[in-house]
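One structure is given below, encoded as structure tokens.
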Amino acid sequence: MNRRQFIKRSTMAAAAVALLPGRLPAQTEKAGAPASSGAPGTGASGTGKLPDYAKDMLLHSDMQGLGPDGKPTGQKATFTGASKANAKAEEAMRHKMKLNKEEQAILDGKDGEEKAKLMKILVTFGNTFGAEKLVDLGGAPHSNMFIGAPYMKSMIKMLDECAKAGLKSYAPYTVNPRPYDVYNVQNNAKDMTMIYEGYSLQWDLDYVHVRLGAPDLNKRTCACYLDEVGNAPKPGTYVAWAESSAVNYGNSVLGIRTNRTGAGMDLIQAMLGKSPLFGLMTDEGRKATWLVEVKTSKEPDWGAIGTAIGRKCVEDVPYVTGLDKYFKGGKVTADNLHLLKSMGSATASSGAVGLYHVEGVTPDAKEKGKKLLAKGYETYVIDDKEQARIISTFPNLWPDKNADPTAAFIGCPHNTYHEVIKWGKLVTEALDKAGKPEAAIPVYMFMPNPVRDRAIEEHGELISKMKRAGMHATNMCSVSYAGMKGFSERVRGVTNSAKTRNYSTIRYFPDDVLVKIIVTGKIPKGA
Ligand code: F3S
């Protein structure tokens, strides 16, 4: 069972608990005594018999660290925010979190049966990870419940029951992009048929989101923190975000406090407005166990160094030096945030990094500097040679390795406004120079609709030119598109996203090479 299947199975198992009829004996009955005693802060949370999958939790994963030789180092992700935590599932599952009076009352059914079930799941989840208590959430949630496929049926049913019971997120929340776009990308009969058959529960899922408090579909994006979308809680805010790239950016660049919440658990926590305090939400869990020194002779390839860090650190927290010179005055701005978005999402997809610190740039690092380094930290140097070595490990997975590319994919995570304009100019100017009206291959530009709308308003002429050149704006998920049945046989994709590369057969190239490919339709020799 690989990591993603495992997460899916464990999350579904948690959801199944909520669907059981009647009271939930182990938790409810044990919980009853302290509640009736009326003693605040003493609420026990029994766990009952360990489910079969418990032995796999924290231990079973395909997310393994790789050494310089490309071989596994034995370091594995445990989803605690520290892969060397030596956490043991059986021990963690016996842990009992303290609940306050209000939380215990919810568990006992004060706010209805559905909310009690959600609390039961949350307490079990917190106990599993050794949390001491629950904390109140602020800001707004971000959910990655975005796929309405049949395997999500039990989860969607559970959420539908919650919506029917009148439960809602504590604040309006953002959601990941939809897995398809029948307006701009899959607007043909064959793809649409495949989509409506494959994502048969998409409508049900969207309906759930509306009732639980998500805004309309224009706000769907993984880059929820962009100004145009507006979900960027203040530093230090506890949230329960899902979507690895958003969690990674939020923790690191915004300075919010969230674990890498799984699909389903994000909305359970949103409806309760509470989260168990553990891992990346704590000062201890935010300490860096790796010092990563970036010593490339020129600006690094952000996707490549992100991949290097993810492979090396797996899910540990890195403290990265040598990058402050690329952020004038140590400021992350609308014009440079894509550099961290690119690096961070690569750390989160080639590893499971949920937080990184960049010396002189990110908020925790600005405040505490090298004090963030934990005792006994290890050092990893990324120089030109190491960066080149990492890039050399990216395989060509096209069935016909020497054929020409057929499509370009830009914007995973979703493009910022700055990136859209930058790419528009890069491609259209290169086409003008080559005397061509149109790109040699279609270019899919993934972005939130509010970013697209701003670009149209402020750069209407350029956007029209991009459209005529074959650049398509879409707010869907790039990797979901690449995961469509038959995609890898039909499409030879190229991208500048290390995350897309990591999850698909699409090949990775730096920006300057990608522009050449888009203009000529050929892979330059030696690229
Ligand atoms: Fe966003 Fe999909 Fe990439 S959710 S980060 S475009 S995998």
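Each reported figure results from applying straightforward, stated rules to the coordinates on display, with no laboratory input. Please read all numbers here as calculations on a predicted model, not as lab measurements. Backbone-built Cβ (ideal geometry, glycine too); neighbour counts: all protein chains shown.
A few notes on this one:
- Here the 3J(HN,Hα) profile of the range 436-442, calculated from phi with Karplus coefficients 6.51, -1.76 and 1.60 at θ = phi - 60°, is 10, x, 9, 5, 6, 9, x Hz, Gly and Pro shown as x.
- Exposure proxy for K341, K98: other Cβ atoms within 10 Å of each Cβ, ordered fewest to most, give K98, K341.
- Fewest-first ranking of D301, D283, using other Cβ atoms within 10 Å as the exposure measure: D283, D301
- 25 Å Cα-Cα reach of K436 towards lysines, excluding residues that sit fewer than 8 places from it in its own chain: K422, K425, K465, K467, K516, K522, K525
- Placing a label point 7 Å from the Cα of A527 along the Cα-to-Cβ line, the residues of the range 481-507 whose backbone N sits under 17 Å from it are 492-498, 501, 506-507.
- The label point for K298 and the one for K422, both projected 7 Å from the Cα toward the Cβ, are 1.5 nm apart.
- Compactness of the range 88-240 is given as radius of gyration and Dmax, 18.1, 56 Å, from Cα positions.
- Under 5 Å between amide hydrogens, built in the peptide plane, is the criterion, and for L291 it picks out Y319, E378, T379, Y380 among residues at least 5 positions away or on other chains.
- Net length available on complete extension from Y326 to R490 is 55.2 nm, with 0.36 nm assigned per residue and the Cα-Cα distance removed.
- Those trypsin sites (Lys or Arg not before Pro) in the range 358-404 that DSSP places in a loop and that have at most 11 other beta carbons within 10 Å: K401
- Cβ-based exposure ranking for S497, S297, S504, in which fewest neighbours within 10 Å come first: S297, S504, S497
- Backbone HN-Hα couplings from phi across the range 414-430 [Karplus 6.51/-1.76/1.60, Hz, Gly and Pro as x]: 3, 4, 7, 4, 4, 5, 4, 5, 4, 5, x, 5, 3, 6, 5, 5, 5
- Residue-wise HN-Hα coupling along the range 324-340, computed from phi with Karplus coefficients 6.51, -1.76, 1.60 (Hz; x: Gly, Pro): 4, 5, 8, 10, 3, x, x, 9, 8, 10, 4, 8, 10, 4, 5, 5, 6
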